[in-house]
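Notes follow once the structure below has been shown.
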Amino acid sequence: MAESITTTAAPAPSGSRAAVATLKNTFQMQNWVLAGLFFAACFVFPLLPFVEGWMVFQGAFIIIYIMAAQGVSILTGYTGLVTVGHGAFLAIGAYTAALLMKYTGLSVIPGMIAGGLVSAVFGLALGLVFLRLAGAFMAIGTLGFAFFIGAIVNNVPIFEGRTGISLPPNTVFGFEIDDFGFYYVALVTLALTTLFVHSLIRSGVGRAFKALRDSDKAAESSGVNRLLYRTLAFSISAFITGVAGALNGLIVNYISAEVYGDIWYSVDLLVAAVVGGSAMLFGPFLGGFFVAMVPFYLEELADFAFILKGVALIAVLVLAPAGVAEVVARPVRAWRQRKLLEAGESPELADAPGPPTGGGS
Amino acid sequence: MLGQLLMSGLAAGSLYALTAVAVVVVFRNTRTINLAQGDFAMMGAFLALIFIKSLGLSYLFALGLSVVCIMALGVLTERLVMRPIADSGWLTLFTATLGVYYILHGVSGWLWGRDTKAFPVTFDPTPIHFLGTVVSEGHLINMAWVTAIGALLYSFFRYTKQGIAMRAVTDDPETAQLMGIPVRFIVMLTWAMAGFLGAFAGILAAPIIYVAPEMMDEVLIKGYVAAVFGGLYSIPGAILGAILIGVAENLAGGYLGAHFKTAIAFVMIVILLAFRPQGLIGIQKRREV
Amino acid sequence: MTHLRCEGITVRFGGVMACDNVSIEVPEGKIVGLIGPNGAGKTTLFNVLSRFQEYESGHITYRDQNVDRKKPHEMIRLGMARTFQNLNLFGEQSTLDNILIGAHRHLGNPLANMFSLPGARRNEAALVDKALAVADMLHLNHQLDKPVKSLSYGWRKRVELARALAADPEMILLDEPVAGCNDEAAAELEEIVRHVNRNLGVTMLLVEHDMSMVMKVCDYIYVINFGANLADGTPAEVQENADVIAAYLGEPTQ
């Protein structure tokens, strides 16, 4: 085998490699079809005969939670940074959109974008400030940031504290929309953010995030600039959660410090990311659904629901430490892995030597 | 006015100190931030209240009994929740303690209701003059208790076999294991100590605040901040951090206005971590490549 | 021409001198060995040269450019890659992804890459081709889709080398490339190291305990002991140096 290293003949395209590539394409197609079916089902949902108005409203809330959890997952799942402060970005997004709507009459879509952008700027700053933090220190730092933002919306007059800001009805492209319309705005936004996250985690940037997560030394020795990629991860994460925040405020046409001045959003979003599994694309979907639905039943069950929530959380952590999504996907992954290995070792070209390249491009 | 603010700060700081120390003790040996620490305290206060009100026990007896119960609760938490996932990542452990937080909140609310209850006051409620400042006797008693517990911890870690073993586990769990230290037992002991400190924190705070499921939420967060201030590995650091935060809060409340009182701890922690990621007196670990 | 030079490097951990006024010089296109007993400061010096470790005094020049103030991620842009003694791979990720990170230097604009713009896509495809070519060279073809943690130690050593090579480096710092490998795997890796040096013209600085490999592949050898330069010369010279023999036999020197 050692002699083959010095072989300089250009290799014929490897048959096994082509087979692997075809298989990977097939798997990717399957993923696209599944995601397409899911979004089609969400699209049809409000049109079904038995679906009532409150269900559509609740559906929009779940979508918003999923989106916010997607933002958290960029940090916790792909970059390996804990955040217990994403409620702050939700608040920043919500207040940006609300204040712009109140004072400049901006409508939903520009409000959403503005909310995301302002939130991203704060994310960038936080990423810079906490550049060297990890673990428990990062957790308290982000939590402190959430409390800090909470104190600001409670006390600075423009945010109108616990009285809150009431907003006019929402419009999109000049048309007034109700809950029904808002559901579709949220759904389309979620589809876009999902596409973006999908593209991000498969890109070289996503690779750099994951490299920092798994070993920052190895990442840096390969040329990954920690400062750049950490702040980038923070900004992207804050942007997505900020967009969700804008929607979260606009859907009820009202925001107040009663809701955003507390840290419970922050904690819920972390729980959503952990329970769903934040290193997989559909993890936040499961986690977001979980935390959006629990308070729904919380009112009836009161304290007992707290116990259920805690038990459910611990049960998930014990049974599925990498999140529910990982458990759901495990058999599929194992099957695909097996198929790939079979294809990769197709007998006719198993020992084909490779070219001695790798230097000078 | 400054002296008064410092004294009030010291009083508030001593309320945070026990929680901060408990956060440090658990973190050092398990790498977990125990978010249920405040609830250990709350359960301790509730139990003491029941022992005193319903069973008619004396204050000290109720305190002792409650401390034992909460130590058992700490051990239970370790055995039932933390041990099965001990090998998981940091975030999993962190979130699991949040689960315990939810459960204990739910249990206490379910059993005893969400309304706030008064704790029987064992001291003379009229403020007394002390070193030129006005302070309640309760706060002075608390400070004395905290000092006594601090001394107790110091001698425990210094002179007892278990205390020394606990420090060895902190320094290097693997070597400790090789040296024949029963690491699992030590981790259990760590959680028992968290219960011990929790029960005291709750019972000492109860007469000053009130008794309710959420009574310790703020103290928990401030205790966590204080622990991080001290670098998360140092008990004196945690106590210092707690006093610093108590004093800073009162100074901010006194000179800047009441709004700033709650926010100041978080402003301080964000600024501190920006410049010293390892905490105020944290250990700068050598970067191993 | 000198590729990498360090002069008078001193590093102190508390009271311990990890590097005491160490100077070495690596000529372009050569394989230079760095040997010494355990704890002599070899890895510390490696960390200094790859800029992971700060130092009290001394200077490093890479191709006549002073790199004292460079950060680790900037060294690869100058053309210097490194491997780690105890392996520093992304265990959960596939072999291909591990190698691809090595090519990070050629990523281009991260924003374009993030949104998968057409140019970035072409670039990405080129990166994958490069990674596959490197994998071919190291015979990693059949390991590409396996998570690295499932590979044997010898294979993981190769993945680590492949990651360094994917950057198209002009120089590689190799920290014990064959440690923990069986004889067969070690012989293959040795062959690969020679091949990369001869056919691709990559300069190498090599720390290795396997003396037979060091003596065979190195053009020049530096010996350090107690953090300080002890001797240097061709393999033959070093083998006959009395100080070196004493150091390896555990005798106190000087």
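The values are calculated or read from the model by the stated rules, or taken from the named source; none is laboratory data. Small disclaimer: the values here were computed from a predicted structure and weren't measured. All Cβ positions, even for glycine, are placed from backbone atoms using ideal geometry, and neighbour counts span all protein chains on display.
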Test: residue in segment C:125-138 that is at pLDDT 90 or above, touching a strand residue (DSSP E or B) at 6+ places or on another chain (Cβ under 9 Å) and either assigned by TED's automatic domain parsing to the domain that holds C:Cys19 or among the charged types (D, E, K, R) (or both): no
Qualifying position, being modelled with pLDDT under 85, within 14 Å of chain A (Cβ to nearest Cβ) and touching a Gly at 6+ places or on another chain (Cβ under 8 Å), among B:Leu280, B:Leu256: B:Leu280
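Just to be sure before I move on: is A:Gly245 touching a Phe, Trp or Tyr at 6+ places or on another chain (Cβ under 8 Å) and more than 14 Å from chain C (Cβ to nearest Cβ) in the structure I sent?
Values: touching a Phe, Trp or Tyr at 6+ places or on another chain (Cβ under 8 Å): yes; more than 14 Å from chain C (Cβ to nearest Cβ): yes.
Considered against the rule, which asks whether it is touching a Phe, Trp or Tyr at 6+ places or on another chain (Cβ under 8 Å) and more than 14 Å from chain C (Cβ to nearest Cβ), A:Gly245 comes out as yes.
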Every pair of residues 6+ apart whose Cβ atoms lie under 6 Å, when the first sits in segment A:18-47 and is in contact (Cβ under 8 Å) with a residue 40 or more places away in the chain while the second is surrounded by 11 or more Cβ atoms within 10 Å (Cβ to Cβ) and among the β-branched types (Val, Ile, Thr): A:Pro46/A:Val56
Hits in segment B:116-131 (condition: of a type outside the set (Val, Ile, Thr) and assigned to a strand (DSSP E or B)): B:Lys117, B:His129, B:Phe130
Subset of segment B:234-281 (residues that are surrounded by fewer than 19 Cβ atoms within 10 Å (Cβ to Cβ), assigned to a loop (DSSP other than H, G, I, E, B) and either in contact with a Phe, Trp or Tyr (Cβ under 9 Å, 6 or more places away or on another chain) or touching a residue at least 24 places away in the same chain (Cβ under 8 Å) (or both)): B:Pro277, B:Gln278, B:Leu280, B:Ile281
Any strands (runs of 3 or more DSSP E) falling wholly within segment C:1-113 and containing at least 2 residues that are more than 9 Å from chain A (Cβ to nearest Cβ): C:2-13, C:16-27, C:31-35, C:57-62
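Does A:Val156 qualify as being within 10 Å of another protein chain (Cβ to nearest Cβ) and more than 30 Å from A:Leu227 (Cβ to Cβ)? Break it down into steps so the answer makes sense when it comes.
Details: within 10 Å of another protein chain (Cβ to nearest Cβ): yes; more than 30 Å from A:Leu227 (Cβ to Cβ): yes.
Taking the combined requirement at face value, the residue satisfies it.
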Tally of residues being touching a Lys or Arg at 6+ places or on another chain (Cβ under 8 Å) and crowded, with 21+ Cβ neighbours inside 10 Å across segment B:56-98: 1
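Within segment C:149-191, take every residue that is β-branched (Val, Ile, Thr) and at pLDDT 90 or above and give me the one that is surrounded by the fewest Cβ atoms within 10 Å (Cβ to Cβ). So that I can check it myself, show each step before the final result.
Here is the first cut: in segment C:149-191, the ones β-branched (Val, Ile, Thr) are C:159, C:172, C:178.
After this cut, where a residue has to be at pLDDT 90 or above as well, the list is C:159, C:172.
Values: C:Val159: 27, C:Ile172: 24.
So, considering only residues that are β-branched (Val, Ile, Thr) and at pLDDT 90 or above, the one surrounded by the fewest Cβ atoms within 10 Å (Cβ to Cβ) is C:Ile172.
In the set A:Glu258, A:Glu220, which member is out of contact with any helix residue (DSSP H, G or I) (no Cβ under 7 Å at 6 or more places or on another chain) and either of a type outside the set (Ser, Thr, Tyr) or within 20 Å of A:Met101 (Cα to Cα) (or both)? I'd like the intermediate steps shown before the answer.
Working: A:Glu220 fails: out of contact with any helix residue (DSSP H, G or I) (no Cβ under 7 Å at 6 or more places or on another chain).
Residue meeting the stated conditions: A:Glu258.
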Every residue from segment A:184-193 that is within 14 Å of chain C (Cβ to nearest Cβ) and either closer than 11 Å to A:Phe43 by Cα or under 11 Å from the mean Cα position of the chain (by Cα) (or both): A:Thr193
Answer from C:Arg82, C:Arg63 - the residue that is at positive phi and modelled with pLDDT of 90 or more: C:Arg63
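What residue, of A:Ala343, A:Ala312, is at pLDDT below 85 and either more than 12 Å from chain C (Cβ to nearest Cβ) or part of a helix (DSSP H, G or I) (or both)? Lay out the reasoning, then the answer.
Numbers: A:Ala312 fails: at pLDDT below 85.
Answer to the check: A:Ala343.
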So B:Arg158, is it surrounded by 14 or more Cβ atoms within 10 Å (Cβ to Cβ), without any contact (Cβ under 8 Å) to a residue 12 or more places away in the chain and of a type outside the set (Phe, Trp, Tyr): no
Pair list, Cβ under 8 Å, 6 or more apart: segment A:304-331 residue over 12 Å from B:His105 (Cβ atoms) and free of Cβ contacts under 8 Å to residues at least 24 places away in the same chain, other residue among the hydroxyl-bearing types (Ser, Thr, Tyr) and assigned to a loop (DSSP other than H, G, I, E, B): A:Pro321/B:Ser88
Total residues in segment C:3-43, condition out of contact with any Phe, Trp or Tyr (no Cβ under 7 Å at 6 or more places or on another chain), under 20 Å from C:Ile76 (Cβ atoms) and modelled with pLDDT of 90 or more: 7
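Could we say that C:Arg121 is over 20 Å from the mean Cα position of the chain (by Cα), of a type outside the set (S, T, N, Q) and within 30 Å of C:His139 (Cβ to Cβ) here?
On the way: over 20 Å from the mean Cα position of the chain (by Cα): yes; of a type outside the set (S, T, N, Q): yes; within 30 Å of C:His139 (Cβ to Cβ): yes.
In short, yes.
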Tally of residues being in contact (Cβ under 8 Å) with a residue 12 or more places away in the chain and surrounded by 15 or more Cβ atoms within 10 Å (Cβ to Cβ) across segment C:45-70: 16
Matching option when the condition is crowded, with 18+ Cβ neighbours inside 10 Å, under 21 Å from A:Val205 (Cβ atoms) and assigned by TED's automatic domain parsing to the domain that holds C:Arg51, among C:His104, C:His73: C:His73
For B:Val107: the one exception among (1) surrounded by 14 or more Cβ atoms within 10 Å (Cβ to Cβ); (2) out of contact with any Pro (no Cβ under 8 Å at 6 or more places or on another chain); (3) more than 11 Å from chain A (Cβ to nearest Cβ): (3)
Hits in segment A:220-231 (condition: within 7 Å of another protein chain (Cβ to nearest Cβ) and surrounded by 22 or more Cβ atoms within 10 Å (Cβ to Cβ)): A:Glu220, A:Ser221, A:Ser222, A:Gly223, A:Val224
Odd one out for B:Arg79, checked against (1) within 7 Å of another protein chain (Cβ to nearest Cβ); (2) closer than 17 Å to B:Val26 by Cβ: (1)
Some residue of segment B:32-49 being touching a Phe, Trp or Tyr at 6+ places or on another chain (Cβ under 9 Å), in a helix (DSSP H, G or I) and surrounded by fewer than 22 Cβ atoms within 10 Å (Cβ to Cβ): yes
Positions within segment B:225-260 being under 13 Å from the mean Cα position of the chain (by Cα), closer than 18 Å to A:Phe147 by Cα and β-branched (Val, Ile, Thr), in sequence order: B:Val225, B:Val228
Qualifying residue in segment B:8-25 (condition: part of a loop (DSSP other than H, G, I, E, B), among the β-branched types (Val, Ile, Thr) and within 17 Å of the chain's Cα centre (by Cα)): no
